[in-house]
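Since the structure comes first, as structure tokens, the remarks are kept for the end.
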Amino acid sequence: LPALFKQELQNTEAEEGATAILRCELTKPKAPVEWRKGDTTLYPGLKYEMKQQGSAAELFINDLELDDS
């Protein structure tokens, strides 16, 4: 069976220059997660940091700008 969301992403508010953290929980531990913004796939680097432990996945968006909304 495919992995499904146990807990979906929640809206998050943060100020420009800060870091926002988006979290979701999946039904399968260590299921592959692809983070996207619209049609664009996000990759780890200075701007984005991805972490996954068990069934929980997190996306850190650093140095927030208006375009990140």
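Values for this structure:
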| quantity | calculated |
| --- | --- |
| Subset of the range 1-10 [in a loop (DSSP other than H, G, I, E, B), open to solvent by 100 Å² or more (accessible area, probe 1.4 Å) and of a type in the set (A, V, I, L, M, F, W, C)] | L1, L4 |
| Contacts under 6 angstrom Cβ, first residue in the range 11-24 being open to solvent by less than 50 Å² (accessible area, probe 1.4 Å), partner at pLDDT 90 or above and assigned to a loop (DSSP other than H, G, I, E, B), 6 or more apart | A18/L64; A20/A14; A20/L64 |
| Residue list for the range 26-36, filter: surrounded by 13 or more Cβ atoms within 10 Å (Cβ to Cβ) and outside any loop (DSSP other than H, G, I, E, B) | L26 |
| Pairs, first more than 10 Å from L22 (Cβ to Cβ) in the range 48-69, second in a strand (DSSP E or B) and among the small types (G, A, S), C-beta under 7 Å, six or more apart | L64/A20 |
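The values are calculated or read from the model by the stated rules, or taken from the named source; none is laboratory data. Please read these numbers as outputs of a predicted model, since none were measured by experiment. Using ideal geometry, Cβ is built from the backbone for each residue, glycine included, and neighbour counts are taken over all protein chains shown. Ligands, DNA and RNA are stripped out before the accessible areas are found, and what is left, the full protein with its side chains, is counted by its heavy atoms. Shrake-Rupley method; radii C 1.70, N 1.55, O 1.52, S 1.80 Å.
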